[in-house]
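Chemist: This is the structure I want to talk about, given as structure tokens.
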Amino acid sequence: MLAKKIETALNNQITVEAESSQIYLAMACWAEVKGLEGVAQFMYDQSNEEREHMLKLVKFINERGGHAKISALKAPNVTFGSFQEMFQMLHDHEILVSESINNLVHITLEEKDYATHNFLQWYVAEQIEEEAMARTILDKINLIGDDKGGLYLFDRDIQQLTVTS
Ligand code: OFO
């Protein structure tokens with residue numbers, strides 16, 4: 001059975017993951033209309049992953065005797081300046097998500113809820129990966145800067161960049 005405090009904190013994380021999914025979906029749309037198909041596909045995939053993260057929390061809360069709450073979301077930006085800025089935003093957003101997960105882990109320890117603590121370890125590991133991936137992409141795009149040819153190759157190779165590095 002979930003303590004109220006844990007249930008509320010997990011429900012807040014549902015909103016964080018859902019908003020992440022919406023932000024990345026908006027980034028996918030922007031990349032798509034800008035003609036960067038590879039980047040768009042990458043962002044669609046990220047958006048789907050965040051939705052999975054959200055659903056995992058939904059299931060966990062409901063299975064543990066709580067009630068997952070689906071709330072209204074903030075509308076994300078529609079445009080993102082440059083691709084450099086967009087990937088900077090993605091990176092910074094993942095850092096915020098990690099902080100949010102860390103706070104949640106902290107609450108589970110305070111409440112001595114070791115089952116939820118254990119469940120959250122998956123998110124801790126996932127954030128290590130996502131932060132590393134965001135950092136790798138940001139480093140590459142910062143190297144490319146405004147170079148059109150570089151951006152063309154980046155768009156073609158983004159899926160491999162993230163898998164192999
Ligand atoms: Fe990348 O944020 Fe979910 O956990």
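Every read-out reported here was derived from the displayed coordinates using simple, explicitly stated rules and does not represent laboratory data. Computed from a prediction, not measured in an experiment: that's the story for all the values here. Glycine gets a Cβ as well: all are built from the backbone with ideal geometry, and neighbour counts include every protein chain shown.
Chemist: Treating cross-link reach as a plain straight distance, find the aspartates and glutamates whose alpha-carbon is under 19 Å from the alpha-carbon of Lys5, omitting any fewer than eight places away in the same chain.
Modeler: Excluding near neighbours in sequence, the set is Glu17, Glu63, Glu99, Glu110, Glu111, Asp113.
Chemist: Please give every one of the aspartates and glutamates within straight-line cross-link reach of Lys34, meaning a C-alpha to C-alpha distance under 19 Å, and leave out same-chain neighbours fewer than 8 residues apart.
Modeler: Cross-link targets: Asp45, Glu85, Asp146, Asp147, Asp155, Asp157.
Chemist: Moving on to the next point. As a test of the formula, what do you get for the chain when each DSSP H run with n ≥ 4 contributes -39,500 (n - 2.57) and the sum is divided by the residue count, at 222 nm and rounded to the nearest 500 deg cm²/dmol?
Modeler: Values: 5 runs with 133 residues, N = 165.
Here the helix-only value at 222 nm equals -29000 deg cm²/dmol.
Chemist: Just subtract the alpha-carbon distance of Lys56 and Asn12 from 0.36 nm times their residue separation and send over the number in nm, one decimal.
Modeler: Numbers: separation 44, 0.36 × 44 = 15.84 nm, distance 1.35 nm.
Once the chain is fully extended between Lys56 and Asn12, it gains 14.5 nm.
Chemist: Mind jotting down the three principal axis lengths of segment 33-86 based on Cα atoms? Whole angstrom, largest first.
Modeler: The Cα atoms of segment 33-86 stretch 46, 21, 16 Å along their principal axes.
Chemist: Report the dimensions of segment 1-79 along its three principal axes from the alpha-carbon atoms, largest first, rounded to Å.
Modeler: Computed over the Cα atoms, the extents are 49, 19, 12 Å.
Chemist: Relative to the Cα centre, what is the charge dipole magnitude of segment 1-61, using +1 at the beta carbon of each Lys and Arg, -1 at the beta carbon of each Asp and Glu, and rounding to the nearest 20 debye?
Modeler: Values: 6 positive and 9 negative charges, 70 e Å.
Rounded to the nearest 20 debye, it is 340 debye.
Chemist: Looking only at His53, His117, His91, which one moves most when the chain is put into a Gaussian network model with springs between Cα atoms under 10 Å?
Modeler: His117
Chemist: So, one more: What is the Rg over Rh value, at two decimals, for the chain, using alpha-carbon atoms and the Kirkwood definition of Rh?
Modeler: On the way: Rg = 17.2 Å, Rh = 16.8 Å.
Looking at the chain, the ratio lands at 1.03.
Chemist: Can you compute the radius of gyration and Dmax for segment 78-164, using only the Cα atoms, both in Å?
Modeler: When restricted to Cα atoms, segment 78-164 yields Rg and Dmax of 16.7, 54 Å.
Chemist: Another one. Please work out the Kirkwood hydrodynamic radius for segment 116-165, using every pair of different C-alpha atoms, and report it in angstroms with one decimal place. Don't skip to the end; give the middle numbers.
Modeler: Details: mean 1/r = 0.0812 Å⁻¹.
Value: 12.3 Å, from the Cα pair sum.
Chemist: Sticking with this one: If you rank Leu153, Leu25 by fewest surrounding Cβ atoms within 10 Å, what's the result?
Modeler: Leu153, Leu25
Chemist: Could I ask something else about it? Using the charge dipole of the chain (Lys, Arg: +1 at Cβ; Asp, Glu: -1 at Cβ; taken about the Cα centre), state which of Ile128, Pro76, Leu104 has its Cα farthest towards the positive end.
Modeler: The one lying farthest along the dipole's positive direction is Leu104.
Chemist: Additional query: If you line up the long axis of helix 114-144 against the longest principal axis of the chain, both from Cα atoms, how many degrees apart are they, to the nearest 10?
Modeler: 10 degrees
Chemist: For segment 67-125, divide the Cα radius of gyration by the Kirkwood radius and give the resulting Rg/Rh value with two decimals. Working shown, then result.
Modeler: On the way: Rg = 15.5 Å, Rh = 13.9 Å.
When Rh is taken as the Kirkwood radius, the ratio is 1.11.
Chemist: Below 29 Å, Cα to Cα, which lysines can Lys4 reach? Residues fewer than 8 away in the same chain don't count.
Modeler: Within reach: Lys56, Lys59, Lys69, Lys74, Lys112.
Chemist: Hey, got the dipole for segment 1-119? About the Cα centre, +1 on K and R Cβ, -1 on D and E Cβ, debye to the nearest 20? Before the final figure, lay out the partial values.
Modeler: Working: 10 positive and 17 negative charges, 95 e Å.
So the dipole magnitude of segment 1-119 works out to roughly 460 debye.
Chemist: Can you tell me the orientation of helix 37-63 relative to the chain, as the angle in degrees between its alpha-carbon axis and the longest Cα principal axis, to the nearest 10?
Modeler: 0 degrees
Chemist: Does anyone have the angle between helix 4-33 and the longest principal axis of the chain? Alpha-carbon axes, 0 to 90°, nearest 10?
Modeler: The angle comes out at about 10 degrees.
Chemist: Using only the alpha carbons of segment 57-101, determine the length spanned along each of the three principal axes and report them from longest to shortest in whole angstroms.
Modeler: 45, 21, 13
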